[in-house]
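Contents: one structure, followed by commentary.
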Amino acid sequence: MRSNWLTLLRADAKALLGNSVSVPKMVAYYFRHLGFRAVLHHRIAHALFCRGFKFIAYLLATRSCSRTGADISPGASIGPGLLIHHPVGIVVGLGVVVGARCTLLQNVTIGERISDARNQYPVIGDDVIVAAGAVVIGPIKIGHQSIIGANSVVLHDIPDGVIAVGAPARIINKAGTSDRFRSQLVKVGEIGR
């Protein structure tokens, strides 16, 4: 994504804090919220990576991994509004594309399959929730507003607006039901939007 990293960071802060985004709150959340810290480090590392400073970008990503537990490649393209609640164990590969306003929970792996040809990474749509322990691998697409359930293993494309669970993942509802589920999660405070 070629957007200004500060603009992306403001959108990330808005996903976490709601509409009351301010510099003091962002600084406070940097120290209190490991997920926000991991996202901030990725934004800086990705900007460096895109400008050709790959060695420095990988140094920052490695330091971020040791500090936050999230291993997000600086080459991954992540849209605005990324929300990571618990970053420990999150792995996002080099060529992964993640859309806007996505939520990743702990122990999520998004990357390529070892047996596949190189550079075949998943593309995650906008407003997707990937629950704890989920694995999304290979050259697949996850549709907009979909929810990937906890400990699911996704090896095939997932259409827009569905909930997919299991290993291997299977769709358990038709389009639109994920909106009701998402609104219930917001009511109980599981996700920030």
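Working note: Cα gyration tensor of the range 45-100, eigenvalues times five, square-rooted, sorted largest first, giving semi-axes of 17, 15, 9 Å.
Which peptide among 145-157, 14-26 comes first, and what is the full order, when sorted by highest mean count of other Cβ atoms within 10 Å?
In decreasing order of mean packing, 145-157, 14-26 become 145-157, 14-26.
Amide H contacts for Val153 (H built 1.01 Å from N in the peptide plane; partners 5 or more residues away or on another chain; cut-off under 5 Å): Val135, Gly166, Ala167, Ala169. Taken over the chain, lysine pairs spaced eight or more positions apart, or on distinct chains, with alpha carbons under 24 Å apart number 5. Using r as the Cβ-Cβ distance of Ala28 and Arg63, and R0 as 22 Å, what FRET efficiency do you calculate, to the nearest 0.05? Once rounded, the FRET efficiency stands at 0.55.
Beta-bridge orientation, the chain: approximately 10 percent antiparallel, per DSSP, counting only bridges with both partners inside. May I ask you to give the percent of accessible area on the chain that is carbon plus sulfur, with a probe radius of 1.4 Å? Ligands and nucleic acids excluded, carbon and sulfur reach 59 percent.
Of the residues Leu59, Val21, Val136, the one whose Cα sits farthest towards the positive end of the charge dipole of the chain is Val21 (charges of +1 on Lys and Arg Cβ, -1 on Asp and Glu Cβ, taken about the Cα centre). Hey, of [x] 0.93; [y] 0.95; [z] 1.00, which did the structure itself give for Rg/Rh (Cα atoms, Kirkwood Rh) when calculated? Label of the calculated value: [y]. Provide the net charge surrounding Thr68, with neighbours chosen by a C-beta distance below 15 Å and charges set as Lys +1, Arg +1, Asp -1, Glu -1. Neighbour charge sum, excluding Thr68 itself: +3.
Under the convention that each Lys and Arg Cβ holds +1 and each Asp and Glu Cβ holds -1, the size of the dipole of the chain around its Cα centre is about 500 debye. Normalised by the number of residues in the chain, the mean separation of alpha-carbon contacts (under 8 Å, six or more apart) gives a relative contact order of 13 percent. Take 133-141, 37-45 and order them by the average number of nearby Cβ atoms within 10 Å per residue, most first; the result is 37-45, 133-141.
The values are calculated or read from the model by the stated rules, or taken from the named source; none is laboratory data. Small disclaimer: the values here were computed from a predicted structure and weren't measured. As a convention, Cβ positions derive from the backbone with ideal geometry for all residues, glycine included, and neighbour counts pool all protein chains shown. Please note that ligands, DNA and RNA were not included when accessible areas were found on the heavy atoms of the full protein model with its side chains. Shrake-Rupley method; radii C 1.70, N 1.55, O 1.52, S 1.80 Å.
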